[in-house]
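Q: Pasting a structure below so you can have a look.
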Amino acid sequence: MNLTRWSARLPGTQRRSAVPAARAKTADPAGTPAQGRAVVGTGTPDGTTATGAGSPSTDEFAQVAGTPSVPEVLASLPALIAVTRGPAHRVSFVNDAYAEVFGPRDTGAPAREALPELDELGLLPLMDQVRRSGKPRTVKARKVTHGDGTAVTRQGYFTFTCTPVHADDPDPDRRGVLVFAADVTDQVLSADRLRESERRLHETAVTLQRSLLPQELEQPDDLRVAATYQPGGTDAAVGGDWYDVITLGAGRTALVIGDVMGRGVRAAAVMGQLRTAVRAYARLDLPPHEVIQLLDGLASEIDATQIATCVYAVHDPSEGRLSYASAGHLPIVIRDPDGTVRRADEPTGPPLGTGGWIHTSGSIPLGPGCTAVLYTDGLVERRDQDIDDGIAALTQALAGATGAPQVICDRLLRTLGVTSEHDDDVAVLVLQYPDHTGDDAELFRNASLELLGGIEAAPRARAFASGVLASWRFPVALRDLGVLAASELVANSLKHGHPPMRLRLRRTDRRLIIEVTDGDEHLPRRRRAEPGDESGRGISIIATIASGWGSRRTPGGGKAVWCEFALPEYPEDSADHA
């Protein structure tokens with residue numbers, strides 16, 4: 001079957017013999033002569049104003065080919081079109097859409113004079129480049145101010161494409177540039193609205209994240225603490241980085257930092273639940289590994305698909321050490337007063353939620369003058385380097401970091417290249433144990449007494465407490481309360497505990513702390529004593545006269561029972577209160 005013969009009879013098709021003739025008529029549409037147009041000037045894309053004697057007219061071409069002329073096509077397009085010729089870019093054609101935006105333009109004049117808007121938009125140098133190279137160039141979303149026929153001006157955005165015309169023509173006056181401008185105002189405004197919406201979502205997400213973090217860090221008596229949180233990227237997804245500082249009483253402080261993997265509201269929700277749980281577990285005054293063990297079970301109950309890392313540390317100024325437990329988190333970094341930096345690498349366990357792992361606690365010295373840094377992986381992890389290299393960079397940065405904790409936070413972020421464009425959340429917690437000297441040394445004092453013997457240890461403890469509190473120049477009322485509290489704690493230990501026993505007195509610039517330790521692990525509980533009971537009132541007396549009390553098990557076995565009194569605001573050496 002002759003498909004060519006039959007296809008010529010189908011609707012919308014032409015005979016094959018008609019195709020070459022049509023192509024011959026349209027081989028150079030930009031150069032086809034045409035009648036001048038009075039609406040926007042008397043030019044054509046080719047720069048001529050009338051048809052030649054031996055050339056078919058535009059109307060004749062339309063009759064032969066059944067198509068409109070090139071000027072008519074360009075004139076009817078909604079895009080802005082202007083055609084220039086020669087080195088001076090003389091205007092040869094401007095369509096109706098161009099005239100509606102910028103006003104009527106005459107042909108024949110250089111573009112710098114006839115099309116000043118192109119000069120203002122910086123397109124003339126680009127047109128020179130296009131004419132020389134013969135390659136098109138595009139500039140996107142240029143802002144244009146134009147009138148609409150009234151006194152009101154409008155602003156829009158247009159993408160301009162400059163395309164060479166007759167780039168291979170040896171005649172320089174025939175080589176030109178076609179300027180095509182598409183109105184992209186709606187797209188630009190939509191993109192602006194989208195960016196603004198994303199900005200608001202990001203701000204909302206960051207606000208949510210920050211609301212789940214401590215609004216103000218607790219400031220322990222013996223430590224100086226600062227923290228910073230830097231959200232990652234500019235998208236709306238929030239991260240799961242978190243930190244907290246919790247005062248445990250008796251001068252001890254818990255510090256915790258963690259990271260819920262992933263981003264989004266779900267990660268932030270899991271982070272908020274873990275942080276709340278840590279504060280609740282910390283009030284039980286448990287060893288670090290027991291807190292991590294409880295968090296491990298809770299994390300699997302909250303969301304078994306979420307992975308979270310955490311390190312929980314407790315600082316005891318009486319011991320001068322930092323005890324800690326880690327669930328897959330990065331090591332704590334400590335700087336000594338001489339600039340030496342140490343890592344608390346061991347022990348560590350798997351991330352929270354994995355279950356089946358028995359966590360253990362570690363301990364590292366943290367004496368006066370030391371600085372410790374807890375951080376999340378966003379501070380040291382980079383896509384193009386190993387995380388050990390990032391930790392080494394942190395170690396080097398901390399070795400030369402001095403000043404207040406907040407200054408060190410800022411310096412570490414700056415040194416490790418964390419900016420607002422960083423692609424991961426960063427949380428940093430810095431604590432310093434100041435070395436008190438001079439007048440401050442008088443405000444931070446310690447005294448202890450080994451409780452040897454039997455019941456005769458009680459009067460010896462009262463005499464020791466009275467003498468120490470008098471030497472610290474406490475008011476008489478506070479001194480009497482301190483002696484009473486020491487007597488009750490020692491009596492409770494003598495009755496319910498066993499050696500070794502010790503009485504420890506400690507003062508800071510804000511409180512007096514009294515603590516008794518013994519070898520028995522049974523923690524006392526406050527209970528209501530009946531009128532006929534001869535015992536059971538010691539802890540109730542302590543809870544009544546002290547501003548706070550508590551008990552905990554000690555690492556080596558045994559327990560510690562403590563109470564504390566807030567110091568009065570008047571001068572301690574006032575003669576009226578001595």
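The values are calculated or read from the model by the stated rules, or taken from the named source; none is laboratory data. It should be emphasised that the depicted structure is a prediction, and the values quoted were computed from it without experimental measurement. All Cβ positions, glycine included, derive from the backbone under ideal geometry; neighbour counts span all protein chains shown. When the accessible area is computed, the model is the full protein with side chains, heavy atoms only, and any ligands, DNA or RNA have been set aside. Shrake-Rupley method; radii C 1.70, N 1.55, O 1.52, S 1.80 Å.
Q: Quick check on my filter: what residues within the range 429-478 are assigned to a loop (DSSP other than H, G, I, E, B) and farther than 30 Å from D410 by Cα? Steps first, please.
A: Residues of the range 429-478 assigned to a loop (DSSP other than H, G, I, E, B): 434-438, 444, 451-456, 472-475.
Passing the criteria: L451, L452, G453, G454, I455, E456, W472, R473, F474, P475.
Q: Can you name the residue in the range 402-426 that is in a loop (DSSP other than H, G, I, E, B) and over 15 Å from the mean Cα position of the chain (by Cα) and, of all such residues, is farthest from Q219 (Cα to Cα)?
A: Checking each candidate, the answer is T402.
Q: Give the range 460-494 a look and list any residue that's hydroxyl-bearing (S, T, Y) and farther than 16 Å from R507 by Cβ, or say none.
A: Of everything in the range 460-494, those that are hydroxyl-bearing (S, T, Y) and farther than 16 Å from R507 by Cβ turn out to be S487, S493.
Q: Here is a further query. Among the residues of the range 88-96, are any in contact (Cβ under 8 Å) with a residue 60 or more places away in the chain and surrounded by 14 or more Cβ atoms within 10 Å (Cβ to Cβ)?
A: Yes; the residues of the range 88-96 include at least one that is in contact (Cβ under 8 Å) with a residue 60 or more places away in the chain and surrounded by 14 or more Cβ atoms within 10 Å (Cβ to Cβ).
Q: Related question: Taking the options P337, P317, name whichever one is in the same structural domain as G240 (by the TED database) and either open to solvent by less than 30 Å² (accessible area, probe 1.4 Å) or in contact with a Leu (Cβ under 6 Å, 6 or more places away or on another chain) (or both).
A: None of the other options fit; the residue is P317.
Q: Determine if the range 171-180 includes at least one residue that is open to solvent by 30 Å² or more (accessible area, probe 1.4 Å), hydrophobic (A, V, I, L, M, F, W, C) and not assigned by the TED database to the domain that holds T508.
A: Checked the range 171-180: at least one residue is open to solvent by 30 Å² or more (accessible area, probe 1.4 Å), hydrophobic (A, V, I, L, M, F, W, C) and not assigned by the TED database to the domain that holds T508.
Q: In addition: Picking from G369, G467, G403, which residue would you name as being more than 30 Å from S493 (Cα to Cα), free of Cβ contacts under 8 Å to residues at least 40 places away in the same chain and either open to solvent by 20 Å² or more (accessible area, probe 1.4 Å) or out of contact with any Gly (no Cβ under 9 Å at 6 or more places or on another chain) (or both)?
A: Of the residues listed, the single one that is more than 30 Å from S493 (Cα to Cα), free of Cβ contacts under 8 Å to residues at least 40 places away in the same chain and either open to solvent by 20 Å² or more (accessible area, probe 1.4 Å) or out of contact with any Gly (no Cβ under 9 Å at 6 or more places or on another chain) (or both) is G403.
Q: Do the conditions hold for V314, that is, is it closer than 20 Å to V291 by Cα, β-branched (V, I, T) and modelled with pLDDT of 95 or more?
A: Criteria met by V314.
Q: Exactly one condition in (1) farther than 25 Å from A205 by Cβ; (2) in contact with a helix residue (DSSP H, G or I) (Cβ under 9 Å, 6 or more places away or on another chain) is not met by H289; state its number.
A: (2)
Q: So which pairs qualify, if the first residue must be in the range 476-505 and under 14 Å from I545 (Cβ atoms) and touching a residue at least 24 places away in the same chain (Cβ under 8 Å), the second must be of a type outside the set (A, V, I, L, M, F, W, C) and open to solvent by less than 50 Å² (accessible area, probe 1.4 Å), the Cβ gap must be under 6 Å, and the two must be at least 6 apart or on different chains?
A: E488/G538
Q: Continuing with the same structure: From the list R460, R528, exactly one residue is exposed (fewer than 14 other Cβ atoms within 10 Å of the Cβ), free of Cβ contacts under 8 Å to residues at least 24 places away in the same chain and assigned by the TED database to the domain that holds K559. Which is it?
A: The conditions single out R528.
Q: So R200 passes all but one of these: (1) open to solvent by 60 Å² or more (accessible area, probe 1.4 Å); (2) in contact (Cβ under 8 Å) with a residue 24 or more places away in the chain; (3) not aliphatic (A, V, I, L, M); (4) not assigned by the TED database to the domain that holds V139. Which condition number does it fail?
A: (2)
Q: Filter the range 203-224 down to residues that are assigned to a helix (DSSP H, G or I) and open to solvent by less than 50 Å² (accessible area, probe 1.4 Å) and give me whichever is farthest from V430 (Cα to Cα).
A: This residue is A205.
Q: On to the next question. How many residues are open to solvent by 30 Å² or more (accessible area, probe 1.4 Å) and among the small types (G, A, S) if we restrict to the range 387-400?
A: 4
Q: I'd like the full set of residues that are under 21 Å from P287 (Cα atoms) and either modelled with pLDDT of 90 or more or in contact with a His (Cβ under 7 Å, 6 or more places away or on another chain) (or both), limited to the range 485-520.
A: Matches in the range 485-520: P500, M501, R502, R504, I513, I514, E515, V516, T517, D518, G519, D520.
Q: For the range 249-286, name all the residues that are in a loop (DSSP other than H, G, I, E, B), open to solvent by less than 40 Å² (accessible area, probe 1.4 Å) and closer than 24 Å to S363 by Cα.
A: If the condition is that a residue be in a loop (DSSP other than H, G, I, E, B), open to solvent by less than 40 Å² (accessible area, probe 1.4 Å) and closer than 24 Å to S363 by Cα, then A250, G251, D285, L286 are the ones that fit.
Q: Which one of these is in contact with a strand residue (DSSP E or B) (Cβ under 6 Å, 6 or more places away or on another chain) and either closer than 26 Å to T207 by Cβ or among the polar types (S, T, N, Q) (or both): G258, G272, G264, G328?
A: G258
Q: Within the range 473-525, take every residue that is β-branched (V, I, T) and out of contact with any strand residue (DSSP E or B) (no Cβ under 7 Å at 6 or more places or on another chain) and give me the one that is surrounded by the most Cβ atoms within 10 Å (Cβ to Cβ).
A: Result: V483.
Q: Further, regarding this structure: Looking at the structure I just gave you, is G558 modelled with pLDDT of 90 or more and on the phi > 0 side of the Ramachandran plot?
A: Yes, satisfied.
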